[in-house]
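What follows is a set of notes on a single structure, which appears directly below.
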């Protein structure tokens, strides 16, 4: 797996990292001292790489990676290029700009605040709509303005795409298609927002029942 840079406020790092699902079922090896000297950090990286090469049970997490010295960051360059297959290596940062360009080019950026930060705000209500049926769908659609509807659509898209990592189904594909259409309609100012949301909820309710 391509090494990940997870962007998240440090105080919410553990919760947001859990939301990514990257560490699911893994034993985690962590470096988290921003004042760690280069020799200690080099020793940790070397030992961690050997453990990960011997077993894919383990994942590595470097906390506050953007606060590491340039010398410590340079220690990561070769290991990031030579990750063992199926390995999970995560750099937790508050800002990716604190990492040197050569590290950023070797990793995939995951902005947790954008992708996962609000994922429960509307999801619970949408699943309630799918459970309770048309009347609840219509009632909920009346409560959303364009900004809230756009946030809801983005939230659903993230949720469905994440769920498809564990398996693709026709229902998930159809709900994803409908959510993407809703987002397009809202962003382009098509029709009435409440009508667009009601159409999405009713159509997705039908899709989940078939």
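Annotations
- In the set (1) part of a helix (DSSP H, G or I); (2) surrounded by fewer than 17 Cβ atoms within 10 Å (Cβ to Cβ), the condition left unmet by residue 122 is number (2).
- If you go through segment 36-50 and pick out every residue that is surrounded by fewer than 15 Cβ atoms within 10 Å (Cβ to Cβ) and in a helix (DSSP H, G or I), you end up with 6.
- Criterion: touching a residue at least 24 places away in the same chain (Cβ under 8 Å), surrounded by fewer than 17 Cβ atoms within 10 Å (Cβ to Cβ) and assigned by TED's automatic domain parsing to the domain that holds residue 173 - qualifying residue of 148, 153, 135: 148
- Flag if residue 61 is assigned to a strand (DSSP E or B) and either on the phi > 0 side of the Ramachandran plot or at pLDDT 95 or above (or both): yes
- Every pair of residues 6+ apart whose Cβ atoms lie under 9 Å, when the first sits in segment 164-185 and is in contact (Cβ under 8 Å) with a residue 40 or more places away in the chain while the second is surrounded by 12 or more Cβ atoms within 10 Å (Cβ to Cβ) and not in a helix (DSSP H, G or I): 165/21
- Tallying residues that are outside any helix (DSSP H, G or I) and in contact with a helix residue (DSSP H, G or I) (Cβ under 7 Å, 6 or more places away or on another chain) within segment 70-85 yields 2.
- Those residues of segment 58-81 which are buried (at least 21 other Cβ atoms within 10 Å of the Cβ), in contact (Cβ under 8 Å) with a residue 40 or more places away in the chain and under 11 Å from residue 45 (Cα atoms), in sequence order: 61
- Residues of segment 127-147 classified as closer than 21 Å to residue 171 by Cβ and either in contact with a strand residue (DSSP E or B) (Cβ under 8 Å, 6 or more places away or on another chain) or not in a helix (DSSP H, G or I) (or both), total: 1
- The residue list 165, 150, 155 contains one member that is modelled with pLDDT under 90 and part of a loop (DSSP other than H, G, I, E, B), which is 165.
The values are calculated or read from the model by the stated rules, or taken from the named source; none is laboratory data. What you are looking at is a predicted structure, and each value in this text was computed from that prediction instead of being measured. Positions of Cβ are generated from backbone atoms using ideal geometry, with glycine treated the same way; all protein chains shown enter the neighbour counts.
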